[in-house]
Amino acid sequence: MGRVEGAEPPAVSDALESHRGSLLKLIVVKPHQSVIRFDLRGVKCPLNWAHAKVRLERMVMGEILDLVLDDPRGARDIPRAAEAEGYAVIESSSADGIFYLRIEK
């Protein structure tokens, strides 16, 4: 059986019918975000932040910078410095002495 142009599939039309008269929530999905990976293992603070900051300044708004660090001081200080510059730190984790930071421009 072919689909009629403009007709909703039964599951969708049933769901819409059940919500008629109520406010429907829209989910906004961001377009695919570019992720740039930057390995700063072996680079000590404050140079690791200097390298990360230069990279962030070259990025386009909405891009993500994934940092890999082995310097605990950098892992502590970079999120503070990034937020002070207006960037969003969206993830911070560590495993086996390696620190992972995810920063959105």
Report summary line: Within the stretch 93-105, of all residues that are of a type in the set (D, E, K, R) and in a strand (DSSP E or B), the one nearest to Val43 (Cα to Cα) is Arg102
Report summary line: Taking the stretch 35-57 and keeping only residues that are in a helix (DSSP H, G or I) and either in contact with a His (Cβ under 6 Å, 6 or more places away or on another chain) or surrounded by 11 or more Cβ atoms within 10 Å (Cβ to Cβ) (or both), one is left with Leu47, Asn48, Trp49, Ala50, His51, Ala52, Lys53, Arg55, Leu56
Query raised in the report: Tell me, which residue of the stretch 66-92 that is assigned to a strand (DSSP E or B) and under 18 Å from Gly42 (Cα atoms) is nearest to the chain's Cα centre (by Cα)?
Result: Asp66
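Given the structure, is Val35 in contact with a strand residue (DSSP E or B) (Cβ under 9 Å, 6 or more places away or on another chain), hydrophobic (A, V, I, L, M, F, W, C), at pLDDT 55 or above and over 20 Å from Glu83 (Cα atoms)? So that I can check it myself, show each step before the final result.
Details: in contact with a strand residue (DSSP E or B) (Cβ under 9 Å, 6 or more places away or on another chain): yes; hydrophobic (A, V, I, L, M, F, W, C): yes; at pLDDT 55 or above: yes; over 20 Å from Glu83 (Cα atoms): no.
So Val35 does not fit the description; no.
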Report summary line: Of the listed residues (Gly42, Gly21), the one being at pLDDT below 55 and on the phi > 0 side of the Ramachandran plot is Gly21
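The values are calculated or read from the model by the stated rules, or taken from the named source; none is laboratory data. Note that this is a predicted model, so its numbers are computed, not measured. Counting neighbours? That spans all protein chains shown, and the Cβs are built from the backbone with ideal geometry, glycine included.
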